[in-house]
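Student: Can you keep this structure in mind? I'll have questions shortly.
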Amino acid sequence: GNSVTQMEGPVTLSEEAFLTINCTYTATGYPSLFWYVQYPGEGLQLLLKATKADDKGSNKGFEATYRKETTSFHLEKGSVQVSDSAVYFCALNIGSQGNLIFGKGTKLSVKP
Amino acid sequence: ETGVTQTPRHLVMGMTNKKSLKCEQHLGHNAMYWYKQSAKKPLELMFVYNFKEQTENNSVPSRFSPECPNSSHLFLHLHTLQPEDSALYLCASSQEAEKLTGELFFGEGSRLTVL
């Protein structure tokens, strides 16, 4: 079946540290891949996406590259800020009636 | 007006109560969704409506009853819930369900506690 596995949190970093949140997937077909972010007290919002192998999604200093050979879509940021503290969700879509399949989420806390 | 608005933001109910969650989107979208977010579990898709027609019911118990009177409004009617139904219920919308590019627009959620 289709599934997403992302690293367990919480992840605690100091400001300006490098961030990696791992995400791997299992899917039939050729999924599109996404990262969503949920800030405290808010709903999820799309952070970035990639629709085919080797595509790189980027937004707000975050990047993720669609790696078909390793079935991965790791999220990275070179220098995190306190305002990046949130829960990050990796997700995939195989185009089936809007059914995005989400990972469990990784909570990131950035300390000043 | 924010894109997707959910009310109430917090709800406490007993197992014999009947209550409803409301979602309204101001984005001109044609597809609306209910997701359940529980601690330490992935988001679970519950229902999908595309052009007011239900296109997905992800094996949700009948104590949850959705209603979509038009493309802008979505309700989740709750009846005889169990304590394990306590969770954050998220509403989302997108342009269309069949052509989903992945960008769902979420509301802030309704935090439900069942006593």
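The values are calculated or read from the model by the stated rules, or taken from the named source; none is laboratory data. Bear in mind the structure is a predicted one, so any value in this text is a computation, not a measurement. Here the Cβ positions follow ideal geometry from the backbone for every residue, glycine too, while neighbour counts run over all protein chains shown. Keep in mind that these areas ignore ligands, DNA and RNA; they rest on the heavy atoms of the full protein, side chains included. Shrake-Rupley method; radii C 1.70, N 1.55, O 1.52, S 1.80 Å.
Student: Could you go through region B:63-77 and let me know if any residue there is more than 8 Å from chain A (Cβ to nearest Cβ), closer than 21 Å to A:Thr106 by Cα and open to solvent by 20 Å² or more (accessible area, probe 1.4 Å).
Tutor: No, because not a single residue in region B:63-77 is more than 8 Å from chain A (Cβ to nearest Cβ), closer than 21 Å to A:Thr106 by Cα and open to solvent by 20 Å² or more (accessible area, probe 1.4 Å).
Student: Looking only at region A:78-112, count how many residues are touching a helix residue (DSSP H, G or I) at 6+ places or on another chain (Cβ under 7 Å) and under 13 Å from A:Leu47 (Cβ atoms). Lay out the reasoning, then the answer.
Tutor: Just the residues of region A:78-112 that are touching a helix residue (DSSP H, G or I) at 6+ places or on another chain (Cβ under 7 Å), to begin with: A:108, A:110, A:112.
Still in the list and also under 13 Å from A:Leu47 (Cβ atoms): A:108.
Here the count works out to 1.
Student: State all residues of region A:6-37 that are within 14 Å of chain B (Cβ to nearest Cβ), open to solvent by less than 50 Å² (accessible area, probe 1.4 Å) and under 11 Å from the mean Cα position of the chain (by Cα); if no residue qualifies, say none.
Tutor: Residues satisfying the conditions are A:Gln6, A:Cys23, A:Leu33, A:Phe34, A:Trp35, A:Tyr36, A:Val37.
Student: Check A:Pro40 against each of (1) in a loop (DSSP other than H, G, I, E, B); (2) away from chain B (no Cβ under 14 Å) and name the one condition it does not meet.
Tutor: (2)
Student: Name the residues in region B:1-22 that are part of a strand (DSSP E or B) and open to solvent by less than 30 Å² (accessible area, probe 1.4 Å), would you? It would help to see each step written out before you state the result.
Tutor: Narrowing region B:1-22 to residues part of a strand (DSSP E or B): B:4-7, B:10-13, B:18-22.
Matches in region B:1-22: B:Val4, B:Gln6, B:Leu11, B:Met13, B:Leu21.
Student: Quick one: would you say B:Gly109 is on the phi > 0 side of the Ramachandran plot and away from chain A (no Cβ under 13 Å)?
Tutor: Values: on the phi > 0 side of the Ramachandran plot: yes; away from chain A (no Cβ under 13 Å): no.
So B:Gly109 fails the test.
Student: Let me ask you something else. Among the residues of region A:43-58 satisfying the criterion of being open to solvent by 60 Å² or more (accessible area, probe 1.4 Å) and part of a strand (DSSP E or B), which is farthest from B:Leu90 (Cα to Cα)? Give the derivation first.
Tutor: Applying the first criterion (open to solvent by 60 Å² or more (accessible area, probe 1.4 Å)) to region A:43-58 yields A:45, A:49, A:51-52, A:54, A:56, A:58.
So of that shortlist, the ones also part of a strand (DSSP E or B) come out as A:45, A:49, A:56, A:58.
Numbers: A:Gln45: 12, A:Lys49: 21, A:Lys56: 28, A:Ser58: 25 Å.
Per the criteria, the residue is A:Lys56.
Student: Considering each of B:Thr5, B:Thr80, B:Thr16 in turn, give the residue that is at pLDDT 90 or above and over 25 Å from A:Leu47 (Cα atoms). Explain how you work it out, then say what you get.
Tutor: Numbers: B:Thr5 fails: over 25 Å from A:Leu47 (Cα atoms); B:Thr16 fails: at pLDDT 90 or above.
After ruling out the rest, the residue left standing is B:Thr80.
Student: Hey, could you check region A:95-112 for residues that are touching a residue at least 12 places away in the same chain (Cβ under 8 Å), in contact with a strand residue (DSSP E or B) (Cβ under 7 Å, 6 or more places away or on another chain) and over 19 Å from A:Thr5 (Cα atoms) and say which is farthest from the other protein chains (Cβ to nearest Cβ)? Show your work before the answer.
Tutor: Of region A:95-112, the ones touching a residue at least 12 places away in the same chain (Cβ under 8 Å) are A:95, A:100-112.
The next check asks that each one be in contact with a strand residue (DSSP E or B) (Cβ under 7 Å, 6 or more places away or on another chain); those that pass are A:100-111.
When the remaining residues are screened for being over 19 Å from A:Thr5 (Cα atoms), the result is A:109-111.
Values: A:Ser109: 17, A:Val110: 22, A:Lys111: 23 Å.
Only one residue fits best here, namely A:Lys111.
Student: Is there any pair with a first residue in region A:21-50 that is closer than 15 Å to B:Leu43 by Cα and a second that is of a type in the set (Val, Ile, Thr) and assigned to a strand (DSSP E or B) whose Cβ atoms are under 8 Å apart and which are 6 or more apart or on different chains, and what are they?
Tutor: The qualifying pairs are A:Val37/A:Val87; A:Gln38/A:Val87; A:Gly43/B:Val4; A:Leu44/A:Val37; A:Gln45/A:Val37.
Student: Please verify whether B:Lys52 is in contact with a Cys (Cβ under 9 Å, 6 or more places away or on another chain), surrounded by fewer than 17 Cβ atoms within 10 Å (Cβ to Cβ), free of Cβ contacts under 8 Å to residues at least 24 places away in the same chain and of a type outside the set (Asp, Glu), treating the condition exactly as stated. Can you show your working first?
Tutor: Working: in contact with a Cys (Cβ under 9 Å, 6 or more places away or on another chain): yes; surrounded by fewer than 17 Cβ atoms within 10 Å (Cβ to Cβ): yes; free of Cβ contacts under 8 Å to residues at least 24 places away in the same chain: yes; of a type outside the set (Asp, Glu): yes.
For B:Lys52, the condition - in contact with a Cys (Cβ under 9 Å, 6 or more places away or on another chain), surrounded by fewer than 17 Cβ atoms within 10 Å (Cβ to Cβ), free of Cβ contacts under 8 Å to residues at least 24 places away in the same chain and of a type outside the set (Asp, Glu) - is met.
Student: Give me a count of the residues in region A:68-94 that are of a type outside the set (Val, Ile, Thr) and either surrounded by 16 or more Cβ atoms within 10 Å (Cβ to Cβ) or within 14 Å of another protein chain (Cβ to nearest Cβ) (or both).
Tutor: Restricting attention to region A:68-94, the residues satisfying the condition of being of a type outside the set (Val, Ile, Thr) are A:68-69, A:72-79, A:81, A:83-86, A:88-93.
Add one more test, that the residue is either surrounded by 16 or more Cβ atoms within 10 Å (Cβ to Cβ) or within 14 Å of another protein chain (Cβ to nearest Cβ) (or both), and what stays is A:72-75, A:77, A:84-86, A:88-93.
Count: 14.
Student: Given region B:37-92, what strands (runs of 3 or more DSSP E) lie entirely inside it while holding 1 or more residues that are among the aliphatic types (A, V, I, L, M)? Can you show your working first?
Tutor: Working: elements: B:44-50, B:53-57, B:64-70, B:73-79.
The strands (runs of 3 or more DSSP E) meeting that bar are B:44-50, B:73-79.
Student: Looking at B:Gln25, B:Gln37, which one is within 11 Å of chain A (Cβ to nearest Cβ), within 23 Å of A:Gly41 (Cβ to Cβ) and crowded, with 17+ Cβ neighbours inside 10 Å? Give the steps one after another, and end with the answer.
Tutor: Numbers: B:Gln25 fails: within 11 Å of chain A (Cβ to nearest Cβ).
Exactly one residue qualifies, and that residue is B:Gln37.
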